[in-house]
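A.B. asks: Dumping the structure here so I can ask a few things about it.
Derivation of every value follows stated rules applied to the coordinates shown; laboratory data play no part. This structure is a prediction, so every number in the text was calculated from the model and none was measured. Note that each Cβ is placed from the backbone with ideal geometry, even for glycine, and that neighbours are counted across all protein chains shown.
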Amino acid sequence: MDIEEVVSDNMEGSEPSDEALSEKREEMTGALEEELPDNTEEKLPVENPEAVVEAVLFSVGNSVSYKSLAEVLNYSYDDTVDLVKKLKNRYDSNKKRGITIMELEDSVQMCSKVSMYEHLIKITKIPKKYELSDSALEVLSIVAYKQPVTRIEIEKIRGVSSDYAVNKLIEYGLIQELGRLNAPGKPLLFGTTEEFLRRFGVTSIDDLPTAAPERVEEFKKEAEEEMSVKLDV
């Protein structure tokens, strides 16, 4: 017997109206739902969360977002950040530990301390070192401080073609394509990568050093002088 039949049996007199039938159905459905047991299990924070963070970061090897760690720990985002920072401080303050946690914007990665490099190269292959030319460094600086930036904007600032330098920086994994500018021709936009942060030892782009005001003025004068020379030529 379905709900309609039960409702009809419980309605006295003539055949019930659609409105009365609907009200009775909702009433009985609500009563049935209240009687059903709640099988939803409350997610509790994991035991020994620091050990869990260590295991995850060690096993993954690459960076892991705070959001993913929070899901694993059943912690809030802010509590996860606090936990990881405390763990990092514990590593950094203990001179007998050879590992640390590197912060990369909204992610973290377990890695060896810089002071351990001379010992690591004795048993591992020496990592390939990329030598950046002056032009590549110029392009990288422009991208880092003005991102997202197009290739045309880079070349306007430098005054020369930058195709080779841009392609090399992409090859090294220091810059990446971020999309296209909503403008005629839809030029590509470039920005720095997580590898850039890792290589230069900064947590985020906000941590990049800013030029002193007097240096900015010097740069402006140099640029004006270069432009006047080009115009004279």
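A.B. asks: Could you sort the peptides 195-202, 138-145, 113-120, 154-161 by per-residue average Cβ neighbour count (10 Å cutoff), highest mean leading? Please list the in-between numbers first.
C.D. replies: Values: 195-202: 16.2, 138-145: 19.5, 113-120: 11.0, 154-161: 13.9.
So the peptides 195-202, 138-145, 113-120, 154-161, ranked by packing, come out 138-145, 195-202, 154-161, 113-120.
A.B. asks: While we're on this one: What residues from the range 67-107 fall in the zone where the backbone N is under 11 Å from a label point 7 Å along the Cα-to-C-beta line of Ser204?
C.D. replies: From the range 67-107, the list is 104-107.
A.B. asks: Sort Glu47, Glu153, Glu194 so that the residue with the fewest other Cβ atoms within 10 Å of its own Cβ comes first and the one with the most comes last. Write out the running numbers ahead of the final one.
C.D. replies: Working: Glu47 7, Glu153 18, Glu194 15.
So the ranking, lowest neighbour count to highest, is Glu47, Glu194, Glu153.
A.B. asks: Follow-up question, since we're still on this one. Could you run the Karplus curve 6.51 cos²θ - 1.76 cosθ + 1.60 with θ = phi - 60° over the range 160-168 and give me ³J(HN,Hα) per residue in whole Hz, x for Gly and Pro?
C.D. replies: Going residue by residue, I get 9, 5, 10, 4, 4, 5, 4, 4, 5 Hz, with x marking Gly and Pro.
A.B. asks: Something else now. Using θ = phi - 60° and the Karplus relation 6.51 cos²θ - 1.76 cosθ + 1.60, list the HN-Hα couplings for the range 136-148 in order, rounded to whole Hz, with x at every Gly or Pro.
C.D. replies: 5, 5, 4, 5, 4, 5, 5, 4, 4, 8, 10, 4, x
A.B. asks: Sticking with this one: Scan around Glu105 for amide H atoms under 5 Å from its own, H built in the peptide plane at 1.01 Å from N, and keep only partners 5 or more places away or cross-chain.
C.D. replies: Ser204
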